Amino acid sequence: MTAKIFIDGEHGTTGLQIRTRMAGRRDVELLSIPEAERRNAAMREDLLNSADIAILCLPDDASREAVSMLAGNNRVRVIDTSTAYRVDPSWAYGFAEMDKAQADKIKSARHVANPGCYPTGAVGLIRPLRAAGLLPDGYPVTVNAVSGYTGGGKQLIAQMEDQSRDDAVSANNFLYGLTLKHKHVPEMKVHGQLDRAPLFSPSVGRFAQGMIVQVPLFLEDLKDGATMESIHATLVGHYAGQDIVTVVSLEESKALPRVDAEELVGQDTMKLFVFGTPGGAHVNLVALLDNLGKGASGAAVQNMDLMLSA
Ligand SMILES: NC(=O)C1=CN([C@@H]2O[C@H](COP(=O)(O)OP(=O)(O)OC[C@H]3O[C@@H](n4cnc5c(N)ncnc54)[C@H](OP(=O)(O)O)[C@@H]3O)[C@@H](O)[C@H]2O)C=CC1
Ligand SMILES: CC(=O)N[C@@H](CCC(=O)OP(=O)(O)O)C(=O)O
């Protein structure tokens with residue numbers, strides 16, 4: 001049977017990338033809204049209610065509005081790519097590799113919240129260490145990251161690419177979220193299973209897609225005896241049995257002169273690294289992904305496929 005999919009926000013950055021990934025597929029029929037009508041509420045409501053799965057690629061408020069347009073409809077399933085429902089316990093968190101039970105939760109869910117790009121990296125690094133008891137209660141977790149500028153959607157893309165605009169950004173690399181209240185902090189805390197909110201400092205570089213997320217750790221403040229090797233082995237064990245999140249071997253990581261934020265552009269996978277020196281005092285956990293791949297559109301398609309496989 002062909003599943004009817006409506007991408008609300010299909011003409012935006014995330015929506016377009018989902019459409020590209022669906023091209024040529026025979027198992028799905030895309031319901032589409034003309035670009036000029038993208039904000040036509042009556043048309044959107046009609047299309048949303050006609051879909052088997054609605055994928056929302058909208059700002060938070062518009063996502064909430066779309067969900068309210070489906071009130072009373074018990075049939076349509078929803079994947080929301082915004083921040084609106086990511087810590088809502090009645091929504092399944094759409095990070096299938098997060099733990100062994102998550103893929104089945106997504107398969108059977110009516111409502112799936114697609115993770116944020118930065119939390120995909122941060123939760124991917126932190127959660128296995130919390131689950132294994134290596135990262136103790138009270139540990140002050142910090143998360144530093146750089147994203148390609150498509151992470152900021154159409155607005156930031158225009159500011160970075162069109163220098164004639166009044167609000168053009170000329171910087172090649174800038175820090176933001178300087179109040180340390182970024183909207184991804186609650187999501188990192190809840191799904192990273194942290195008891196303290198992490199300190200999160202994001203930045204943007206002058207490249208379209210790609211992302212590096214870093215979680216540096218002091219070994220002496222982890223569970224007694226934690227080493228670079230035991231942390232690496234914990235990550236390897238956690239991600240065994242699937243091929244979307246890979247943990248790079250310590251040998252391979254040791255030989256790397258640098259990590260390129262754009263390495264996984266166009267791919268829907270994520271790589272995790274453990275950097276440091278054997279016997280040293282510190283490790284740096286690093287996640288590498290495409291903000292629009294495993295960080296958004298790739299993950300949404302992965303979640304859709306899980307839901308369709310139920
Ligand atoms: N870009 C990324 O890397 C990631 C994005 N996300 C999330 O995905 C969602 C979409 O982001 P992104 O694609 O980057 O954003 P864009 O700004 O590129 O696209 C958003 C789209 O939604 C449309 N839209 C806005 N308001 C409404 C409304 N009230 N009714 C109907 N359509 C509306 C916009 O139309 P218009 O052109 O008229 O504004 C635009 O087409 C956001 O919640 C974002 O946070 C999640 C992870 C990563
Ligand atoms: C570079 C940039 O601006 N990135 C976005 C996050 C992109 C993302 O993950 O989006 P949502 O969580 O909104 O879905 C930001 O920091 O707000």
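Say whether the condition of being over 18 Å from residue 182 (Cβ atoms), basic (Lys, Arg) and either in contact with a Lys or Arg (Cβ under 6 Å, 6 or more places away or on another chain) or assigned to a loop (DSSP other than H, G, I, E, B) (or both) is met by at least one residue in segment 53-73.
no
Residue check: is residue 71 surrounded by fewer than 16 Cβ atoms within 10 Å (Cβ to Cβ) and assigned by TED's automatic domain parsing to the domain that holds residue 91?
Spelling it out, residue 71 is indeed surrounded by fewer than 16 Cβ atoms within 10 Å (Cβ to Cβ) and assigned by TED's automatic domain parsing to the domain that holds residue 91.
State which residue is farthest from residue 9 (Cα to Cα) when the search covers only segment 31-48 and only residues that are surrounded by fewer than 16 Cβ atoms within 10 Å (Cβ to Cβ) and among the hydrophobic types (A, V, I, L, M, F, W, C).
Ranking the candidates gives 42 first.
Name every residue in segment 74-92 that is more than 16 Å from ligand 2 (Cβ to nearest atom) and assigned to a loop (DSSP other than H, G, I, E, B), in order of residue number.
Selection gives 74, 75, 76, 89, 90.
Please go through (1) open to solvent by less than 10 Å² (accessible area, probe 1.4 Å); (2) within 14 Å of ligand 1 (Cβ to nearest atom); (3) out of contact with any helix residue (DSSP H, G or I) (no Cβ under 8 Å at 6 or more places or on another chain) for residue 51 and return the number of the only condition it doesn't satisfy.
Residue 51 satisfies all of (1) open to solvent by less than 10 Å² (accessible area, probe 1.4 Å); (2) within 14 Å of ligand 1 (Cβ to nearest atom); (3) out of contact with any helix residue (DSSP H, G or I) (no Cβ under 8 Å at 6 or more places or on another chain) except (2).
Under 7 Å between Cβ atoms, which residue pairs at least 6 apart in sequence (or on different chains) link something in segment 270-288 that is in the same structural domain as residue 221 (by TED's automatic domain parsing) with a partner that is small (Gly, Ala, Ser) and in a strand (DSSP E or B)?
Going by the 7 Å Cβ cut-off, the qualifying pairs are 270/287; 272/287; 282/276; 283/276; 284/276.
Whether any residue in segment 113-130 is within 15 Å of ligand 1 (Cβ to nearest atom), without any contact (Cβ under 8 Å) to a residue 40 or more places away in the chain and assigned to a strand (DSSP E or B) is what I want to check.
Taking every residue of segment 113-130 in turn, at least one turns out to be within 15 Å of ligand 1 (Cβ to nearest atom), without any contact (Cβ under 8 Å) to a residue 40 or more places away in the chain and assigned to a strand (DSSP E or B).
Considering each residue of segment 245-265, count those that are within 23 Å of residue 150 (Cα to Cα), part of a loop (DSSP other than H, G, I, E, B) and open to solvent by less than 30 Å² (accessible area, probe 1.4 Å), and give that number.
2
Would you please list the contacts, defined by Cβ atoms under 8 Å and residues six or more apart or on different chains, that run from a residue in segment 180-203 that is hydroxyl-bearing (Ser, Thr, Tyr) to a residue that is within 16 Å of ligand 1 (Cβ to nearest atom) and in a loop (DSSP other than H, G, I, E, B)?
Sorted first by the residue in segment 180-203, then by its partner, the pairs are 201/177; 203/176.
Can you say whether residue 209 is in a strand (DSSP E or B), surrounded by 15 or more Cβ atoms within 10 Å (Cβ to Cβ) and among the polar types (S, T, N, Q), as far as the supplied structure shows?
No.
Name the single residue, out of those in segment 149-188 being assigned to a loop (DSSP other than H, G, I, E, B) and near ligand 2 (Cβ under 8 Å from one of its atoms), that is most open to solvent (accessible area, probe 1.4 Å).
Step by step, filter segment 149-188, then rank; the result is 183.
Please work out which residue is surrounded by the most Cβ atoms within 10 Å (Cβ to Cβ), limiting yourself to segment 189-200 and to residues that are away from ligand 2 (no atom under 14 Å from the Cβ) and either assigned by TED's automatic domain parsing to the domain that holds residue 102 or over 17 Å from residue 85 (Cβ atoms) (or both).
Filtering first and then ranking leaves 192.
Name the residue, out of 290, 268, that is of a type outside the set (A, V, I, L, M) and either open to solvent by 60 Å² or more (accessible area, probe 1.4 Å) or in contact with a helix residue (DSSP H, G or I) (Cβ under 6 Å, 6 or more places away or on another chain) (or both).
268
Could you check segment 99-124 and list, in sequence order, the residues that are within 17 Å of residue 213 (Cβ to Cβ) and open to solvent by less than 10 Å² (accessible area, probe 1.4 Å)?
Across segment 99-124, the qualifying residues are 114, 115, 116, 118, 119, 120, 121, 122, 123, 124.
The values are calculated or read from the model by the stated rules, or taken from the named source; none is laboratory data. Please read all numbers here as calculations on a predicted model, not as lab measurements. FYI the Cβ positions are ideal-geometry reconstructions off the backbone, even for glycines, and counts take in every protein chain you see. Heavy atoms of the whole protein, side chains included, go into the accessibility calculation; ligands, DNA and RNA do not. Shrake-Rupley method; radii C 1.70, N 1.55, O 1.52, S 1.80 Å.
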